[in-house]
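The next block holds one structure in the form of structure tokens; read it before the comments.
Read-outs throughout are calculated quantities, based only on the coordinates presented, and are distinct from any laboratory measurement. In this text, all values refer to a predicted model and were calculated from it rather than measured experimentally. When we count neighbours, we look across all protein chains shown, and the Cβ atoms used for this are built from the backbone with ideal geometry, even at glycine.
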Amino acid sequence: MIFNGADDNASGVAALFTIAEYFKNNPLKHTLIFAAVDGEEIGSVGAEVLLKNYANKENIALNVNMDMIAHSDYYPELYISGTYHYPNFKKTLNKVKSDYVTILFGHDDPEKIEQSDWTLSSDHRVFFKEKIPFIYFGVEDHKDYHRPTDKFATINQKFYVESVKVIIRSIEALDGYLMEKK
């Protein structure tokens, strides 16, 4: 059986290339490092190796993680997770708008039992454990999650494109916020 993983997580990797191209032409004040790591499903092995071998991890201002950003079954909803732990980011991210994607905050408050807590559920967990701030973009589990049906045909292409735009605007906003904080 073939599991293509179009949303989990080809969507994040493809977005990484688009976002890198965008910021190549529109540089920020902070240096960006783009990394696609492997082994998330078995404990974020790739992220562990990356951070363990990163020479100046004390200089990392923010980890941005995207995992499953292209498939929203009923409503075009993209979650930004991490603002429970870093509430100052929420004010900045509240200014990011989209005419198509509904931007929601959550999945990071351990007290909200109606929502699963994503704080330790993807590669950003490695950075969080090292006290490096993170923001995570993702969608809730859907009918194709971890199934052979997670393929290009089940991706909502308009939602995906708009989600990437939201992520770009979010990174730009956070870059400005982090520069003001220095």
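Numbers at a glance
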{"item": "All-pairs alpha carbon distance profile, segment 94-148, 10 Å steps from 0, percent", "result": "19, 43, 34, 5"}
{"item": "Stokes-Einstein D (µm²/s) once Rh is taken as the Kirkwood radius of the chain over alpha-carbon pairs, at 37 °C in 0.692 mPa s", "result": "196 µm²/s"}
{"item": "Environment charge of Val45, counting only residues whose C-beta is closer than 13 Å and scoring Lys/Arg +1, Asp/Glu -1", "result": "-3"}
{"item": "Paramagnetic reach from Leu104 in segment 112-129 [backbone N under 17 Å; point 7 Å along Cα→Cβ]", "result": "112-119"}
{"item": "Cα-derived Rg over Rh, computed across segment 10-104 with Rh taken as Kirkwood radius", "result": "0.96"}
{"item": "Estimated vicinal HN-Hα couplings, Hz - segment 167-174 in sequence order (Karplus 6.51, -1.76, 1.60; Gly, Pro = x)", "result": "5, 4, 4, 5, 5, 4, 5, 5"}
{"item": "Cross-link pairs beyond the 24 Å C-alpha cut-off, checked among Lys29/Lys90; Lys57/Lys95; Lys97/Lys181; Lys52/Lys151; Lys57/Lys165", "result": "Lys57/Lys95; Lys52/Lys151; Lys57/Lys165"}
{"item": "Estimated inter-spin distance, Glu77 and Val161, nm [label 7 Å along Cα→Cβ]", "result": "2.4 nm"}
{"item": "For segment 43-182, size of Cβ-based charge dipole, Lys and Arg +1, Asp and Glu -1, in debye", "result": "440 debye"}
{"item": "Positive-end extreme of charge dipole, the chain - chosen from Val139, Gly176, Val126 (charges on Cβ)", "result": "Gly176"}
{"item": "For segment 129-134, Karplus couplings with θ = phi - 60° (6.51, -1.76, 1.60), whole Hz, Gly/Pro x", "result": "5, 8, 6, 9, x, 9"}
{"item": "Where labels lie 7 Å past Cα in the beta-carbon direction, separation of Ala153 and Asn53 in nm", "result": "3.9 nm"}
{"item": "Radius ratio Rg over Rh of segment 123-181, counting only Cα atoms, Kirkwood formula for Rh", "result": "1.08"}
{"item": "Calculated log₁₀ intensity ratio I(q)/I(0) where the Debye formula runs over C-alpha points of segment 30-69, q = 0.21, 0.28, 0.30 Å⁻¹", "result": "-0.75, -1.17, -1.24"}
{"item": "Distance between modelled label sites at Phe17 and Arg169, nm, 7 Å Cα→Cβ extension", "result": "2.5 nm"}
{"item": "Long-range HN-HN contacts of Phe105 with modeled amide H, under 5 Å", "result": "Ile80"}
